[in-house]
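One structure is given below, encoded as structure tokens.
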Amino acid sequence: MIINAEIINLPYSGEYIERIYDNENAWNSLSWSFVKFTNEDYSEWCGHFRGAGGKVAISTKYNLVLVVTSDYLFQLDSMAGDVIELESNDDYRSLTVSPDGSFILANYYVIGKVITHLRDIEFIQSPIEMDFIEFKKWCNEKLEFTCDEFTNWNRHLTMIYDCKANRIEIKNG
């Protein structure tokens, strides 16, 4: 079972056991992201994922790993590291796991919640239209993030996503 995952630079040949995660597609980029995984026995291995700018998170509650690259969202089973689902990336650039075990994703404009299936992304309503969303930190069940108000880029806001209430609020700005 995978207990830790971190984005790394291209590993040296032979440094880790390696697995390639790809999807044949004419629109694939030439870029790759590399994730070093640590299993519960502390053995390490590396996954090579199609697409740049990788992000990774583990949901221990659901035994899932989510890897986000510029090309795809890869959902893995944390027991064996096998791909369960694969979706094209709609410009998701931020990723975290909530205290309830669900994955929270954001592109520039919206925040989405994934519990167990990528195809069932639930988009969270916001009191304003957002742009340049950037996750900061969790404080109990609340995720603090920053954004700009869409079409009013001089208005920089600190926002709160409450995973228990499944609601976004303006903290200040």
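Rule-based calculations on the coordinates, nothing more; no lab input. Note that this is a predicted model, so its numbers are computed, not measured. Virtual Cβ from ideal backbone geometry, glycine too; neighbours counted across all protein chains shown.
Data for the structure
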{"quantity": "Pairwise FRET efficiency - ASN172 versus GLU141, Cβ, R0 = 22 Å, nearest 0.05", "calculated": "0.70"}
{"quantity": "Length added when fully stretched, THR60-ASN152, from 0.36 nm per residue minus Cα-Cα", "calculated": "29.3 nm"}
{"quantity": "Calculated diffusion of region 4-146, Stokes-Einstein form, Kirkwood radius summed over Cα pairs, 4 °C and 1.567 mPa s, µm²/s", "calculated": "82"}
{"quantity": "Sequence of ASP100, ASP90, ASP71 once ranked by neighbouring C-beta atoms within 10 Å, starting from the fewest", "calculated": "ASP90, ASP100, ASP71"}
{"quantity": "Dipole moment magnitude, nearest 20 debye, the chain about Cα centre, only Lys, Arg, Asp, Glu C-beta charged", "calculated": "480"}
{"quantity": "Out-of-range pairs (alpha-carbon distance over 21 Å; input LYS36/LYS113; LYS61/LYS164; LYS113/LYS164; LYS55/LYS171; LYS55/LYS136)", "calculated": "LYS36/LYS113; LYS55/LYS171"}
